[in-house]
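Enquirer: My questions will all concern the structure given below.
The values are calculated or read from the model by the stated rules, or taken from the named source; none is laboratory data. Only a predicted model underlies this, so the values are computations on that prediction, with no experimental measurement involved. Here Cβ is always computed from backbone atoms with ideal geometry, including for glycine, and neighbour counts include all displayed protein chains.
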Amino acid sequence: MRGVVMHAPGDVRVEDRPEPTLLKPTDAIIRLPATCICGSDLWPYRGFDEVRGPSPMGHEYIGTVEEVGTEVTTIKPGQFVIGSFFASDNTCEICRAGYQSSCVNRVGIGSEGAQAEWMRVPLADGTLVATPDIPADDLIPDFLALSDVLGTGWFGAVAAEAGPGKTVAVVGDGAVGLLGVLAAKQLGAERIIAMSRHEPRQKLAREFGATEIVAERGDEGVARIKKLTNGLGAHSVIEAVGTQESMMQAIRSAREGGHVGFVGVAHGVELPGEEMFFSHVHLHGGPAPVRRFLPELIDLIWNRTIDPGKVFDLTLPLDQAAEGYRAMDERRAIKVLLRP
């Protein structure tokens, strides 16, 4: 099969890879109608994360079940399914508490390489959730977004305790941040302030529910948020970047006693203990437990209540994945969908 392999920073190739096979009786094999590039794939692409030899890429996936192992009981061939970037058994104590991405038996999906034509999904019963039927083709981008960026943005909003009567600020205007705006809107937030300097992303943020846009960043961005909130700061802040600057911008944009949901993959982030102590700001985040939200979000997409697939603003054939990486790296695209 054809699949995307990263050989070194900036060196992405589409190559022939072995077709996946069942390795354990709890596995499933799915055929992928589309795949995509994640903002977190840019960390190794830009050299911030080490690339240890040729690495299959991709951790976002949807598809039709082709084959299941002998111990798989709830997922069946022919079903259309959605999973997330960590496979989980969905039965351990941590899973039952709603943190499937920290399952005691979790398996990282990235090594399977979802930017391909087929893939193996471990722990299929606990990881995959089927849609009511085979979805219409125009819903494919929406369900693909659910596999990571929608689920992650949603967790960011939940972790920040976005809800009725709240002012929510969103730091980061990539796919996760934009879908954090959508999530905050669905959760009933009164005001949603998207922090973005890019007009196409500002426009999409408003479509998803942003009531105000702040173009400033860093200390200037914090000051602007304070000014918009009577000097207090936002009740809820979603941090969707993962840098020191973005984390501190998020924390300082929150009011005393406010909540920050941090879902950007942290790189070099260090928190000042004394400032945190006196701020009373709550921090909650980490790898999003997307599996927790799949049933609810599948229903919202199936009934066309939300359309998260709008974050895909460039579609390319799988064989042009290298151009997709370049487009996202150069911020010419928010998120790239690849069609095998």
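Enquirer: Within region 107-132, can you find the residues that are over 17 Å from the mean Cα position of the chain (by Cα), of a type outside the set (A, V, I, L, M) and under 17 Å from Pro25 (Cα atoms)?
Expert: Correct list: Glu112, Arg120, Pro122, Asp125, Gly126.
Enquirer: Of all residues being in contact (Cβ under 8 Å) with a residue 40 or more places away in the chain and not in a strand (DSSP E or B) in region 184-207, which is nearest to Ser253 (Cα to Cα)? Just the residue, please.
Expert: So the residue we want is Ala184.
Per-residue answers, yes or no, for (1) assigned by TED's automatic domain parsing to the domain that holds Glu66; (2) farther than 19 Å from Glu66 by Cβ; (3) charged (D, E, K, R); (4) touching a residue at least 24 places away in the same chain (Cβ under 8 Å):
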| residue | (1), (2), (3), (4) |
| --- | --- |
| Ile94 | yes, yes, no, no |
| Ser102 | yes, yes, no, yes |
| Arg120 | yes, no, yes, yes |
| Asp125 | yes, no, yes, yes |
| Ala130 | yes, no, no, yes |
| Ile140 | no, no, no, yes |
| Trp154 | no, yes, no, yes |
| Ala157 | no, yes, no, yes |
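Enquirer: What number of residues within region 66-88 are of a type in the set (Asp, Glu) and under 12 Å from Val121 (Cα atoms)? Break it down into steps so the answer makes sense when it comes.
Expert: To start, the set of residues in region 66-88 that are of a type in the set (Asp, Glu) comprises 66-67, 71.
Then drop every residue that is not under 12 Å from Val121 (Cα atoms), which leaves 66-67.
Count: 2.
Enquirer: Within region 77-107, which residues are in contact with a helix residue (DSSP H, G or I) (Cβ under 8 Å, 6 or more places away or on another chain), part of a loop (DSSP other than H, G, I, E, B) and crowded, with 17+ Cβ neighbours inside 10 Å?
Expert: Gly83, Ser84, Phe85, Ser88, Asp89, Asn90, Tyr99, Cys103, Arg106
One line per residue, one yes/no per condition, for (1) touching a Leu at 6+ places or on another chain (Cβ under 6 Å); (2) of a type in the set (D, E, K, R); (3) loosely packed, with under 15 Cβ neighbours inside 10 Å:
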position: Lys203; (1), (2), (3): no, yes, yes
position: Thr211; (1), (2), (3): no, no, no
position: Asn230; (1), (2), (3): no, no, yes
position: Ala240; (1), (2), (3): no, no, no
position: Ser246; (1), (2), (3): no, no, no
position: Ile251; (1), (2), (3): no, no, no
position: Arg255; (1), (2), (3): yes, yes, no
position: Gly268; (1), (2), (3): no, no, yes
position: Pro272; (1), (2), (3): no, no, yes
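Enquirer: Tally the residues that are more than 15 Å from Val12 (Cα to Cα) and surrounded by 15 or more Cβ atoms within 10 Å (Cβ to Cβ), restricting the search to region 45-63.
Expert: So the answer is 5.
Matching residues to (1) crowded, with 17+ Cβ neighbours inside 10 Å; (2) part of a helix (DSSP H, G or I); (3) acidic (Asp, Glu):
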position	(1), (2), (3)
Asp142	yes, yes, yes
Leu150	yes, yes, no
Val170	yes, no, no
Asp219	no, yes, yes
Ile225	yes, yes, no
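Residue by residue, here is whether (1) closer than 19 Å to Leu139 by Cα; (2) in contact (Cβ under 8 Å) with a residue 40 or more places away in the chain; (3) charged (D, E, K, R); (4) not in a helix (DSSP H, G or I) holds:
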| site | (1), (2), (3), (4) |
| --- | --- |
| Val241 | no, yes, no, yes |
| Gln249 | no, yes, no, no |
| Gly261 | no, yes, no, yes |
| Glu270 | no, no, yes, yes |
| Ala288 | no, yes, no, yes |
| Arg292 | no, yes, yes, no |
| Asp319 | no, yes, yes, no |
| Arg326 | no, no, yes, no |
| Arg332 | no, no, yes, yes |
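Enquirer: Which number in (1) surrounded by fewer than 17 Cβ atoms within 10 Å (Cβ to Cβ); (2) in a loop (DSSP other than H, G, I, E, B) marks the one condition that Glu66 misses?
Expert: Every condition holds for Glu66 apart from (2).
Enquirer: Being touching a Lys or Arg at 6+ places or on another chain (Cβ under 8 Å), more than 24 Å from Arg2 (Cα to Cα) and either in a strand (DSSP E or B) or of a type in the set (Asp, Glu) (or both) is the filter here; which residues of region 108-129 pass it?
Expert: Correct list: Val129 only.
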